[in-house]
Structure formats: C-alpha cells, structure tokens
Amino acid sequence: MTSESLSITGNALTSSNQKPKYHPIIIRLEEISKIYGIDNTKVHALNNINVTIARGESCAIMGASGSGKSTLMNIIGCLDRPTSGRYYLENLDVSALPESELAIIRNSKIGFVFQQFHLLPQMSALENVVLPMIYAGVPSQERRDRAKIALERVGLGNRLHNRPNQLSGGQQQRVAIARAIVNNPVLLLADEPTGALDSQTTQEILAIFEELHHTGITVITVTHESEVASHCQRIIRFRDGKIDANKS
C-alpha cells in the first residue's frame, strides 16, 4: 500500500487525499402532479415528476409549449402548488405552506428573472433593485448599498439613476438580474430570460448567469432555445407533462 491510501465509498474507489465535493440537495420533487380543470376538462400539466437538483447546479428545463416546463417552474418558485406530491426546498416541505409563508420564501430564498423585465417604469434602476429589500425589512442605507453593489455586479454601476425607458433591453434585463440576486437567494429561476433580446445581448446575459453560477448560486433556466440550454450543466426535457430526458 502506498502512502496515498485508498478508501472505498459505495462502488467507487477514491483517493483519501482527493475528497469528493459534497453538494447537498436543494430541490427535491417527489411524485409531483398538477391537474387543471375538473371531470372531462381535466388537463394533467405534470404527471408524477421526480427530480432532485443539487446546490450550485446549473440546470435547463426545456420543452415545447404545453409540455409542463412553465408549470414546473411555477411550483419550484413557490408561485403555485402541486395537486399532489411533495416539494422540498432546502429540506423544507413547502408543498402545503400558507401563502404568507410562501411569500417570505420567495423573497428571501428565490430570485426571479422573466422574459419581460417587470421593472417599475417610474423608478430608477437603483430604486427597482431596492424593492425586494423593503419587503425583507432591510434598513434603508443597507438597501441602497446592496442595490448599488448588485448593479455594479451586472455592469450597470454607471446607470444607477436611469429609468427603464432610458435603458436598452439588455440593460433592463441586467437590472432585473440585479434585483433577483440582491437578497442573496439560494436559487435563481430564469424563465425565457433572453427571449426578448438580440443574439449579442443574449450572450452577454448568459455570461452573467454563468458568472453567478460560478459563485455558487443554483440556477434553473426555463427555455426552448438549445443555445441557451447548452450553457447549463444539465438539461431536463419535458414532453406532455413528463420528463422525456434528463442529461448532464
């Protein structure tokens, strides 16, 4: 036996001085189903979905319109509840939590980025990014400091006081990303985040997502674009409310 002793973990032989990285599960979906309508009008948007996503993972959810990918994102984002099954976020079963508790989780643990930027037009970039911290009860000066840092992080340190109509589409999406990360979420959900952008701006936004992922944020991107999905570590494809493929 050499000085580099070996240890067996499961069926894998690993070097004792090269410890495998441990990535705890941040999302666990167990037998998740979502049904809309009743009787003859029932639509099974999701059928018994089982998925786990590790902390720090970058994952794309793909599928055609009506495949169930947006329904899944709404459930993962605590914007909707499953009809049946369990959803664990950081080992907390959020499946049946009251709306008041879900609102706290959305604000403190999840950042959202949408295709349409959803910025308040009468507010500056800085004021838009400050908003989630008001709901979180962050003190005023800290709010402004953190908002400025978030905007600088996405390359808008020189656009703090511009309103949305004074910004390009790509710049508005950067403001939306800054707003999504300002509360230091454990999970970033992006729903078609580049759908309204040109190809060059798309690459710039994807580079920001990759940089955020490298800092340890778990990133889930819902998209129908293969180019966008290719920037993720893992792709989950949906078809007719079921997982069609799940590949790293």
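Each reported figure results from applying straightforward, stated rules to the coordinates on display, with no laboratory input. Just so we're clear, the structure is a prediction, and the values are computed from it rather than from any experiment. We place every Cβ from the backbone using ideal geometry, glycine too, and count neighbours over all the protein chains shown.
Look at Lys69, Lys242, Lys247 and count the other Cβ atoms within 10 Å of each Cβ; fewest to most, that gives Lys247, Lys242, Lys69. Placing R0 at 30 angstrom, the Cβ-Cβ distance between Thr83 and Thr215 gives a FRET efficiency of 0.25 after rounding to 0.05. Once you have a ≥ b ≥ c as the square roots of the Cα gyration tensor eigenvalues for segment 19-152, tell me rounded if a/c is under 1.5, and otherwise prolate or oblate according to whether a/b is larger than b/c. It is prolate, given that a/c is not under 1.5 and a/b is the larger ratio. For segment 52-64, the Karplus equation 6.51 cos²θ - 1.76 cosθ + 1.60, evaluated at θ = phi - 60°, returns couplings of 10, 10, 7, 4, x, 7, 10, 9, 9, 10, 10, x, 6 Hz by residue, with Gly and Pro reported as x.
What are the equivalent ellipsoid semi-axes of segment 139-248, built from the alpha-carbon gyration tensor (square roots of five times its eigenvalues), in whole angstrom, biggest first? Present the calculation step by step, with values, prior to reporting the outcome.
On the way: eigenvalues 155, 54, 26 Å².
Listed largest to smallest, the semi-axes of segment 139-248 are 28, 16, 11 Å.
Per-peptide packing, taken as the mean over residues of other Cβ atoms within 10 Å, places 120-132, 40-52 in the sequence 120-132, 40-52 from highest down.
In units of the compact-protein estimate 2.2 N^0.38 Å, segment 81-124 shows a Cα radius of gyration of 1.51. Based on alpha carbons, the Rg and Dmax found for the chain are 19.9, 70 Å. Most simply put, the chain has about 55% antiparallel DSSP beta bridges, counting only bridges with both residues inside it. When Rg and the Kirkwood radius Rh are both evaluated on Cα atoms of segment 29-99, their ratio Rg/Rh stands at 0.97.
Roughly what % antiparallel, to the nearest 5, for the DSSP beta bridges in segment 163-246? If you can, show how the numbers build up before the last one.
Numbers: 4 of 9 bridges.
Expressed as a percentage, antiparallel bridges in segment 163-246 total about 45.
Annotation: peptides 136-144, 163-171, ranked by per-residue average of other Cβ atoms within 10 Å with the highest first, follow the order 163-171, 136-144.
Per residue of the chain, what 222 nm ellipticity follows from adding -39500 (n - 2.57) for every DSSP H run with n ≥ 4, rounded to the nearest 500? Calculated from helices alone, the mean residue ellipticity at 222 nm is -9500 deg cm²/dmol.
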